[in-house]
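The values are calculated or read from the model by the stated rules, or taken from the named source; none is laboratory data. Here the structure is a predicted model, which means the values were calculated and not measured. Please note: Cβ atoms are built from the backbone with ideal geometry, for glycine as well, and neighbour counts cover all protein chains shown.
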Amino acid sequence: MRFSTRIILIVGLSTLVLTSLYWLVGWHHIEQLEGQQAEHLQAFIGERADLVMAGELPPEALQFLPQLRLYTPDMTWPSSWPEISEPGVYALGADTLLLAREVPGTRALYALYLPELQQLFEQEESEALEAVVAVGGVLLFTLGAMALTLWLLWKQTIPVRRLTQAIADVSPAAPRLEPLERTDELGELSRQFSRLLSRTQSFIEREQNFTRFASHELRTPLMTLGSSLALLEEVSDQPMQKKALARMRFALTRMEKLTDSFLWLSREHKDADVSVNAALMQSLLEQLQALTPAMSAVQLELSDGDWSWHIHPFVLSVILDNLLRNALEYGDEGVRIEATATVLRVLNPCAEFQEQTVPEAALASPEHYGYGLQIVEQLCDKANARFHTTRENGWFLAEVIFTAAP
């Protein structure tokens with residue numbers, strides 16, 4: 001049976017059963033109350049008639065019921081009545097009763113003719129009870145049936161919550177889901193999710209394998225280039241040659257760092273006990289300034305105190321290199337670095353960007369602005385750091401928030 005069909009049937013049947021049971025019990029209770037009222041009224045009328053027959057009350061004491069008729073033993077009783085030989089209540093019609101009682105102190109019988117006795121209490125108490133039952137039925141239908149329906153729906157939607165929790169517990173590193181063993185829509189939905197996650201996992205594995213394989217394969221030609229470049233640096237003595245070799249050395253060093261970064265991104269587990277303190281941060285900036293003369297004017301402001309960031313040094317060097325390159329290439333002069341206990345900030349003037357900030361332009365058109373900020377975002381995400389950029393008062397701010405090292 002389909003899951004939606006089961007829900008509809010449960011709602012309809014639960015409401016029908018609950019409402020039917022209520023009306024059956026309610027009308028039975030009303031009939032029981034009416035019977036008790038009739039017995040009490042008959043007993044009251046009989047007691048008043050006994051006092052009249054004993055001479056303790058005048059006959060006018062029975063005039064509170066205009067239709068009541070008293071037949072004494074010396075009167076002729078209608079022939080249509082059944083044979084009355086003992087005290088009791090005799091039905092003469094749908095609403096007419098005949099109450100036979102003994103005259104006090106004798107064995108003789110007298111009769112009380114009670115037509116339309118039911119009207120005495122139906123129009124008052126019975127109608128009030130029926131109104132109460134009707135109102136109660138409406139309240140039960142709207143509240144009780146709703147509560148029962150919600151409870152049944154909660155029981156029936158347990159598989160939905162289990163599937164939701166299972167999807168929430170899926171690990172991004174290993175996106176797998178065990179489908180539900182059901183033949184309805186939920187089972188099909190869980191199987192579709194499982195197949196989707198399997199395809200996603202396959203795509204992630206292919207991406208990681210490509211990054212890892214490409215990084216490994218690039219190391220061999222980079223080592224060859226490095227050794228060849230070292231030989232050229234030993235034999236070259238011309239200023240133009242040395243300048244060209246210096247640029248080649250810088251490009252090679254940058255390529256090695258990027259290759260190591262891509263290889264680090266492909267790893268599932270990162271180094272947990274590495275950190276960068278203020279002294280190492282200063283050293284990393286000096287290394288970048290030595291390789292890139294344009295970065296020599298960058299100012300570094302370190303906050304006081306003994307602090308460290310939970311990040312690998314070479315990863316931080318790649319992040320810093322890309323941020324400084326974007327600042328120098330797309331901003332104005334006056335790049336400044338601020339390092340505190342948990343935050344790295346790179347600031348530079350960018351007055352010429354009035355409509356679109358540097359990160360928006362770089363992310364919207366990476367083929368023109370380069371992939372530096374995208375690489376920084378990926379590295380920060382893998383290093384459990386947060387990266388965001390803002391622009392205010394003519395300054396562009398790139399901020400990396402680190403996890404404090406234990």
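Could you run through the range 386-399 and say how many residues are among the hydrophobic types (A, V, I, L, M, F, W, C) and either in contact with a helix residue (DSSP H, G or I) (Cβ under 8 Å, 6 or more places away or on another chain) or farther than 17 Å from Glu338 by Cβ (or both)?
Filtering the range 386-399 down to residues among the hydrophobic types (A, V, I, L, M, F, W, C) leaves 387, 395-398.
The next check asks that each one be either in contact with a helix residue (DSSP H, G or I) (Cβ under 8 Å, 6 or more places away or on another chain) or farther than 17 Å from Glu338 by Cβ (or both); those that pass are 387, 396, 398.
Of the residues in that region, 3 qualify.
One residue stands out in the range 123-172 among those that are among the charged types (D, E, K, R), modelled with pLDDT of 70 or more and part of a helix (DSSP H, G or I): the one that is farthest from Leu186 (Cα to Cα), namely Lys155.
Taking the criterion of being loosely packed, with under 12 Cβ neighbours inside 10 Å, under 30 Å from Pro159 (Cα atoms) and of a type outside the set (Phe, Trp, Tyr), the residues of the range 196-235 that qualify are Arg199, Ser202.
Scanning the range 317-328 for residues that are in contact (Cβ under 8 Å) with a residue 40 or more places away in the chain and under 15 Å from Thr389 (Cβ atoms) yields a total of 6.
Suppose we keep only residues that are among the β-branched types (Val, Ile, Thr) and under 30 Å from Leu13 (Cα atoms) within the range 148-174. Which one would you say is surrounded by the most Cβ atoms within 10 Å (Cβ to Cβ)? Don't jump to the end; show me each part of the working.
At the first step, the residues of the range 148-174 found to be among the β-branched types (Val, Ile, Thr) are 149, 157-158, 160, 164, 167, 170.
Restricting the remaining residues to those that are under 30 Å from Leu13 (Cα atoms) gives 149, 157-158, 160, 164.
On the way: Thr149: 18, Thr157: 15, Ile158: 9, Val160: 13, Thr164: 11.
By that ranking, first place goes to Thr149.
When Leu24 is tested against the conditions (1) surrounded by 12 or more Cβ atoms within 10 Å (Cβ to Cβ); (2) at pLDDT below 80; (3) in a helix (DSSP H, G or I), the lone failure is (1).
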